[in-house]
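Student: Got a structure here, written out as structure tokens. Questions coming.
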Amino acid sequence: MQVALGSAAALVSAMAFALNVTLVPIAYDSGANVHAVNLVRPIAFLLCMLIAVRLGGVSLHIPGADRNAAMGLGVLMCIELYALLGAIQFIPVALAILTLYLYPLIIACVEHALGRTRIGLIRGSAMLVTFAGLALVINAPLESPDLRGMALALGAAFGLAAMVWCSEHVLKPHDHRVVMCWMVGATTVIVSGVIVVGQVDLAWPTDDGGWWALVASAACYVFATFLLFKAVAWIGPLRTGVMDTSAPVWALIFGMVILDQSLSALQITGAALVIAGMRRTERAIRAESTSSRPRSSSMASGA
């Protein structure tokens, strides 16, 4: 039951994040800039978590080491955010996003190195098929990229991988709402500090449609991030990352429905590869989990 809930949470998280990405251009077209969008997101997230903690009657107090770890997740979130923003100054957005979604592969390599899971030929091939499908979905350019942009995009991928992987260990001992409060609190402070210290100008939407898009995108971002961490707690970082890889495919679909964008044959082929690769990876993980249970039980009974 928990596996089914976790998989559903990860999939809905990917859909919500994709909808957030689709709505943001509407806010930009209305006059908003990226700094305003990035300020609204953590503030909205923090307010939602504070309300959730208040309504749940939960204390915000957690031991100092765990509080620092939760705030460290907020720092990783900022690293991913600003590294990705920096990357798109030097390389096309599509290439930056494709590089960002290396993060499930990074998590898989870490899990393999630590002996927690085994990549294997089938799973590794399935993840590569998924990645190739993403390249087709987002029309990643083939020309030689700027090394500065690639370094920043890789930094964003490693930052996101570290955040997702570490969150499993930070979330387990405590109420998730409390951990997320400290995490997004740190994010809010850092983003606000960057805006103040950098004397960044905030530009806001100039019409009702832009404001609705900004509010809706922030709500989708909060919902997506909350579900992402719930999924990590339920099914672990690797399975969550695999399901989250579907986000660009959902963005493609939402772009077609909301922004009236057209799909090419290559993008449709890429979407099919992403789905096939995800399904094969999920089956490989499930098969490994199932085959490991009897060995654990027999070892326990033998002991």
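The values are calculated or read from the model by the stated rules, or taken from the named source; none is laboratory data. Bear in mind that the values here come from a model prediction, so they are computed numbers and not experimental data. Glycine gets a Cβ as well: all are built from the backbone with ideal geometry, and neighbour counts include every protein chain shown. Each accessible area value is taken on the protein alone, full model and side chains, heavy atoms only, with ligands, DNA and RNA left out. Shrake-Rupley method; radii C 1.70, N 1.55, O 1.52, S 1.80 Å.
Student: Could you tell me which residue of segment 95-147 is surrounded by the fewest Cβ atoms within 10 Å (Cβ to Cβ), considering only residues that are of a type in the set (Ser, Thr, Tyr) and farther than 20 Å from GLY236 by Cα?
Tutor: Here is the first cut: in segment 95-147, the residues of a type in the set (Ser, Thr, Tyr) are 99, 101, 103, 117, 125, 130, 144.
Cutting the leftovers down to farther than 20 Å from GLY236 by Cα gives us 99, 125, 144.
On the way: THR99: 23, SER125: 15, SER144: 7.
It comes out as SER144.
Student: Also: Can you tell me which residue is nearest to ALA284 (Cα to Cα) among those in segment 205-235 that are open to solvent by 10 Å² or more (accessible area, probe 1.4 Å) and among the small types (Gly, Ala, Ser)?
Tutor: The extreme case among them is ALA233.
Student: Also: Can you tell me how many residues in segment 13-36 are aliphatic (A, V, I, L, M), open to solvent by less than 40 Å² (accessible area, probe 1.4 Å) and over 17 Å from ALA247 (Cβ atoms)?
Tutor: Let us first name the residues in segment 13-36 that are aliphatic (A, V, I, L, M), namely 14-16, 18-19, 21, 23-24, 26-27, 32, 34, 36.
Narrowing the set further to residues that are open to solvent by less than 40 Å² (accessible area, probe 1.4 Å) leaves 14, 16, 18, 23-24, 27, 32, 36.
Of the ones still in play, those that are also over 17 Å from ALA247 (Cβ atoms) are 27, 32, 36.
So the count comes out to 3.
Student: Within segment 248-258, which residues are more than 19 Å from ILE97 (Cα to Cα) and surrounded by 12 or more Cβ atoms within 10 Å (Cβ to Cβ)? Before you say what the answer is, go through the steps one by one.
Tutor: Within segment 248-258, the subset more than 19 Å from ILE97 (Cα to Cα) is 257-258.
Scanning segment 248-258 gives a single hit, ILE258.
Student: Check ALA87, ALA83 and return the single one that is touching a Phe, Trp or Tyr at 6+ places or on another chain (Cβ under 9 Å), crowded, with 18+ Cβ neighbours inside 10 Å and touching a residue at least 40 places away in the same chain (Cβ under 8 Å). Spell out how you get there, then give the answer.
Tutor: Numbers: ALA87 fails: touching a Phe, Trp or Tyr at 6+ places or on another chain (Cβ under 9 Å).
One residue alone meets the criteria, ALA83.
Student: So, one more: Looking only at segment 153-172, decide whether some residue is open to solvent by 30 Å² or more (accessible area, probe 1.4 Å) and among the β-branched types (Val, Ile, Thr).
Tutor: no
Student: Something else about it: Any residue in segment 55-70 that's in a helix (DSSP H, G or I): show its pairings with residues that are open to solvent by 40 Å² or more (accessible area, probe 1.4 Å) at Cβ separation under 6 Å, as long as the two are six or more apart or on different chains.
Tutor: Close Cβ pairs (under 6 Å, with a partner that is open to solvent by 40 Å² or more (accessible area, probe 1.4 Å)) amount to ARG67/TRP182; ALA70/TRP182.
Student: In addition: Six or more apart or on different chains, Cβ under 8 Å: which pairs go from a residue in segment 220-234 that's touching a residue at least 24 places away in the same chain (Cβ under 8 Å) to one that's not in a helix (DSSP H, G or I)? Could you list them?
Tutor: Cβ pairs passing all conditions: ALA233/LYS172.
Student: What is the number of the single condition among (1) assigned to a helix (DSSP H, G or I); (2) open to solvent by 50 Å² or more (accessible area, probe 1.4 Å); (3) over 30 Å from ASP208 (Cβ atoms) that LEU47 does not meet?
Tutor: Only one criterion in (1) assigned to a helix (DSSP H, G or I); (2) open to solvent by 50 Å² or more (accessible area, probe 1.4 Å); (3) over 30 Å from ASP208 (Cβ atoms) is unmet by LEU47, namely (3).
Student: What's the total number of residues in segment 227-272 that are of a type outside the set (A, V, I, L, M), at pLDDT below 85 and in a loop (DSSP other than H, G, I, E, B)?
Tutor: The number of residues fulfilling the criteria is 4.
Student: Among VAL164, VAL129, VAL170, which is among the β-branched types (Val, Ile, Thr) and farther than 22 Å from GLY277 by Cβ?
Tutor: On the way: VAL164 fails: farther than 22 Å from GLY277 by Cβ; VAL129 fails: farther than 22 Å from GLY277 by Cβ.
One residue alone meets the criteria, VAL170.
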